[in-house]
Amino acid sequence: WTKVTMNAEDFDTNTNYDPTTNYRFTPTVAGYYQITSVVYWENGTASQSGTALAIYKNGTIYRGVRNLVASNGGGISTISLPILFNGSTDYVEVYVWSGQAGTVLGSTNATGGGANANNALFNGHLIRGT
């Protein structure tokens, strides 16, 4: 598993996302948040290779999705779900996994976002307080 290091923000109304050090979302208001991530990936020439996208909560995998393709190609992995945060120490991060060496995930350096933010995105917003 490799952390997706998205280092650009369109906006962050409460300074909850760290785009420079930990690349994680740590909301300071307790409640339910809708968390969404999308990562573009390409596999090489091997058949039956796949990739996975996961949301880690507090350093542990929380939920994930996997893409499997029968021949060379690529695709987009998407995950979106509500998560309860305590408003102080809970945080989430985005990770990717590849079943084949050389897979491009998010950007050409397999870390997502970076200089080409069109290849990966992350969104977190409060849907209901506790």
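So, counting K/R as plus one and D/E as minus one, what does the shell of residues with Cβ under 11 Å around P82 add up to?
Within the 11 Å Cβ shell, the charges total +2.
Run the numbers for T60 and Q34: contour at 0.36 nm per residue of separation, minus the present Cα-Cα distance, in nm. Before the final figure, lay out the partial values.
Numbers: separation 26, 0.36 × 26 = 9.36 nm, distance 1.81 nm.
Gain on extension, T60 to Q34, equals 7.6 nm.
Each value in this text was obtained by applying a stated rule to the coordinates, not by laboratory testing. Since this is a predicted model, take the numbers as computed values, not measurements. FYI the Cβ positions are ideal-geometry reconstructions off the backbone, even for glycines, and counts take in every protein chain you see.
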